[in-house]
């Protein structure tokens, strides 16, 4: 009887502990207590955000942030449908309509960058940029964290007035990138060992017509596994 009473007290204590979780945990869909992926606001020229844009102007860097966020939300709309409560598809479609002008302006600005820097081959350069950007958000081992973060960013983007989408991109793109690293629920003493590199190399020598070369993929995954 004493043993049963002890177990019951343990269960009650466990539920009480759940009630004391931080507020953000209650807003989570895929975690009790989600991993902390937060990062500092960015301007667009920091390393690790996406495809480097040498010589880009501040306006072009902002357009790049917007386009990276759009790509990440698009990938999430495709990859995160296993959890309809995240609403990644409907939110993404609404964002496209609500922020259509800012997204169109960002696309035009990016086209201007490639026309200025790549000359006659600007369309090919922009296509490569787009392919690499989308591929850099594809993940399997970090899918839960990525989808949870994408849903939160999408909800914030919906709350932005027209013309202010860039603020969400500046404030949360680093967090979006951080979510591509596998991580477990903070409620449990559990550590996920990354099985893949969270982001492929963006070195031009590693790409051919928008596809990552096999030798670079092997070298990158081997270096990551050795860390």
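The values are calculated or read from the model by the stated rules, or taken from the named source; none is laboratory data. This is a predicted model, so every value here is computed, not measured. Cβ atoms come from the backbone with ideal geometry, glycine included; neighbour counts cover every protein chain shown.
Criterion applied to 159, 145 was being exposed (fewer than 13 other Cβ atoms within 10 Å of the Cβ), more than 25 Å from residue 45 (Cβ to Cβ), at pLDDT 80 or above and within 19 Å of the chain's Cα centre (by Cα), and the one residue passing it is 159.
Residue by residue, here is whether (1) in a helix (DSSP H, G or I); (2) at pLDDT 90 or above holds:
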{"position": "151", "(1), (2)": "yes, yes"}
{"position": "172", "(1), (2)": "yes, yes"}
{"position": "185", "(1), (2)": "no, no"}
{"position": "190", "(1), (2)": "no, no"}
{"position": "218", "(1), (2)": "yes, no"}
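Of all the residues in segment 77-88, those that are crowded, with 17+ Cβ neighbours inside 10 Å and assigned to a helix (DSSP H, G or I) number 4.
Does residue 194 satisfy the condition of being farther than 21 Å from residue 85 by Cα, touching a strand residue (DSSP E or B) at 6+ places or on another chain (Cβ under 6 Å) and modelled with pLDDT under 70? No; evaluated as a whole, the condition is false for this residue. From the list 183, 152, the one residue that fits, being within 14 Å of residue 38 (Cα to Cα) and more than 11 Å from the chain's Cα centre (by Cα), is 183.
Would you check if residue 72 is surrounded by 13 or more Cβ atoms within 10 Å (Cβ to Cβ), in contact with a helix residue (DSSP H, G or I) (Cβ under 8 Å, 6 or more places away or on another chain), in a helix (DSSP H, G or I) and touching a residue at least 40 places away in the same chain (Cβ under 8 Å)? In short, yes.
The listed residues are 49, 53, and the only one of them that is in contact with a helix residue (DSSP H, G or I) (Cβ under 8 Å, 6 or more places away or on another chain), modelled with pLDDT of 85 or more and within 22 Å of residue 160 (Cβ to Cβ) turns out to be 49. Whenever a residue of segment 113-130 is farther than 14 Å from residue 71 by Cα, its partners that are exposed (fewer than 13 other Cβ atoms within 10 Å of the Cβ), lying with C-beta atoms within less than 7 angstrom and at least six residues away or across chains, give the pairs 117/55. If you go through segment 75-95 and keep only what is free of Cβ contacts under 8 Å to residues at least 12 places away in the same chain and touching a helix residue (DSSP H, G or I) at 6+ places or on another chain (Cβ under 7 Å), you end up with just 81.
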